[in-house]
Ligand code: IMP
């Protein structure tokens, strides 16, 4: 069975844990979008792994890992992660495959990300400064982009870097009065990237099609969430890739119809990092309670996440966009102790009620939430062993979300550990 896991909100839904659990029965785990802006925390026993580029399945020895063509790779970060796992006796040799067509995030992309954000001042997007936007921009512009395949030919790479750096220097100096880059130093770093990463380079499209023909099970892992999708999210406050499941076919070369099941991951509330509209945001004590209890601080940047109630309008939209079959609802335990819990069931925009998430960002910023209020529960739920043992009010909450989303909630997260997951 082939499965695709994507976030239904603005990222950080707990996809890493869901992927890690599903990876146990998968042969391959495949990343298809984004780069080191993602941060997946995987907890195994007492060990905590923060992965940014490697698929979450990397921590499981028997699983093959693929970084697809849709991913943008920060080579320093990837090499660091490979070394970090090696230190813990987890080897990726022979089981990590990096698409030759994946683009490289260079230091000058990260610099440009920072310079652009600084120049935008109060209008900034609030990016992770991981160089994601500038790298994808170079990909779209084509002429000055670098891919993993460029690491295979050092003479051609040297010449290309000289061309790229000449252009970057002109642009950065003119626009931001920034210091100039040195093509030679960048090339020296690239020789290390070649040595360390070329052994993993592969035609991942061919590899995946062969694996599917051989009846292997593939798990596709989305980074970020649907509402951060470049085309279908809350533009311009989005990331620069298709982070919904729509990015999966383009980011791997595997058509969506080869996927048997699409799983959407949502938190039992909503979070967002960076700027942009957030209709159910709780800029108050309840938001702070959720932030503290759920440890809502960015894995990649450490920034405090904005917290709010579950937005069923937004999640239902993500389900439609992503052709989602079932939902994994994470962090239910974080809501324990709240007197009442609200769920946004509809928006009112310019005096009209709607249950469809508006694609027009100007409309979204005017949305007033219509809430349904439920009584909260006080009992600790982090050691409950099955759905029926949850307090009645917690069950009611899950059942209401199922009704609003019109999809079954088949996994429920009640704590950070692998074992703290209920399945139905
Ligand atoms: P970028 O992807 O670094 O360009 O950032 C664009 C927007 O996406 C910003 O609001 C980031 O905070 C957000 N973003 C990027 N990656 C993640 C993630 O993994 N989780 C949550 N938000 C993210």
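Bear in mind that the values in this text are calculations on the coordinates, not laboratory data. Being a predicted model, the structure only gives us computed values, none of them experimental. With ideal geometry, Cβ positions are generated from the backbone for all residues, glycine too; neighbour counts draw on all protein chains shown.
Cα axis of helix 107-120 to longest principal axis of the chain: angle in degrees, 0 to 90, nearest 10?
60
Checking the a/c ratio against 1.5 first, then a/b against b/c, what shape does the Cα gyration tensor give for segment 285-374? Mind showing how you got there, number by number?
Details: a/c = 1.60, a/b = 1.46, b/c = 1.10.
It comes out prolate by the Cα gyration axes.
In percent, how large is the relative contact order of the chain, given Cα pairs closer than 8 Å and 6 or more residues apart? All intermediate terms of the calculation are to be shown ahead of the outcome.
On the way: 931 pairs, mean separation 82.7, N = 424.
Relative contact order comes out at 19 percent.
Restricting to the chain, compute how many DSSP beta bridges are antiparallel as a %, nearest 5. Write out the running numbers ahead of the final one.
On the way: 25 of 60 bridges.
If we restrict to bridges inside the chain, about 40 percent are antiparallel.
For segment 265-306, what class follows from the C-alpha gyration tensor (a ≥ b ≥ c being the square roots of its eigenvalues): rounded when a/c is under 1.5, otherwise prolate if a/b is larger than b/c, else oblate? Mind showing how you got there, number by number?
Values: a/c = 1.28, a/b = 1.09, b/c = 1.17.
Rounded shape, in that the Cα axes give a/c under 1.5.
Order of 153-165, 263-275 by packing, highest average Cβ count within 10 Å first?
Working: 153-165: 15.2, 263-275: 25.5.
Per-residue mean Cβ counts within 10 Å order the peptides as 263-275, 153-165.
With a 10 Å Cβ neighbour count serving as the proxy for reagent exposure, in which order, fewest first, do 356, 310, 235 appear? Present the calculation step by step, with values, prior to reporting the outcome.
Working: 356 11, 310 26, 235 14.
Ranked by crowding around the Cβ, least crowded first: 356, 235, 310.
May I ask you to compute the full-extension gain from residue 419 to residue 380, defined as 0.36 nm times their residue separation minus their alpha-carbon distance, rounded to one decimal in nm?
Numbers: separation 39, 0.36 × 39 = 14.04 nm, distance 1.58 nm.
Here the answer is 12.5 nm.
So if each residue of separation counts as 0.36 nm, and I subtract the Cα-Cα distance between residue 91 and residue 61, what length gain in nm does that give?
On the way: separation 30, 0.36 × 30 = 10.80 nm, distance 0.73 nm.
Answer, rounded to one decimal: 10.1 nm.
For a protection proxy built on the mean count of beta-carbon atoms within 10 angstrom, sort 365-376, 113-124 highest first, please. It would help to have the intermediate numbers written out before the result.
Details: 365-376: 15.2, 113-124: 13.3.
Ranked by mean Cβ neighbours within 10 Å, highest first: 365-376, 113-124.
Based on other C-beta atoms within 10 Å, arrange 357, 97 from fewest to most. List each step's numbers first, then the result.
Numbers: 357 24, 97 21.
Going from sparsest to densest Cβ surroundings: 97, 357.
Taking the chain as the reference, fit the longest principal axis to its C-alpha atoms, fit the long axis of helix 312-322 to the helix C-alpha atoms, and give the angle between the two in degrees, 0 to 90, nearest 10.
That works out to roughly 50 degrees.
Classify segment 1-110 from the C-alpha gyration tensor, please: rounded if a/c falls under 1.5, else prolate or oblate depending on whether a/b exceeds b/c.
Values: a/c = 1.34, a/b = 1.17, b/c = 1.14.
It is rounded, given that a/c, with a ≥ b ≥ c, falls under 1.5.
How big is the gap, in Å, between the Cα center of segment 44-73 and the Cα center of segment 149-198?
About 27 Å separates the Cα centre of segment 44-73 from the one of segment 149-198.
Arrange 47, 359 by Cβ neighbour counts within 10 Å, fewest through most, would you? Walk me through the numbers before you get to the answer.
Working: 47 9, 359 13.
Ascending Cβ contact count within 10 Å gives the list 47, 359.
When the Cα centres of segment 344-391 and segment 111-144 are compared, how far apart do they sit, in Å?
Computed from Cα coordinates, the inter-centre distance equals 33 Å.
Using Cα pairs under 8 angstrom and six or more residues apart, how large is the relative contact order of segment 335-402, in percent? Don't jump to the answer; show the numbers that get you there.
Details: 83 pairs, mean separation 24.0, N = 68.
After rounding, I find 35 percent.
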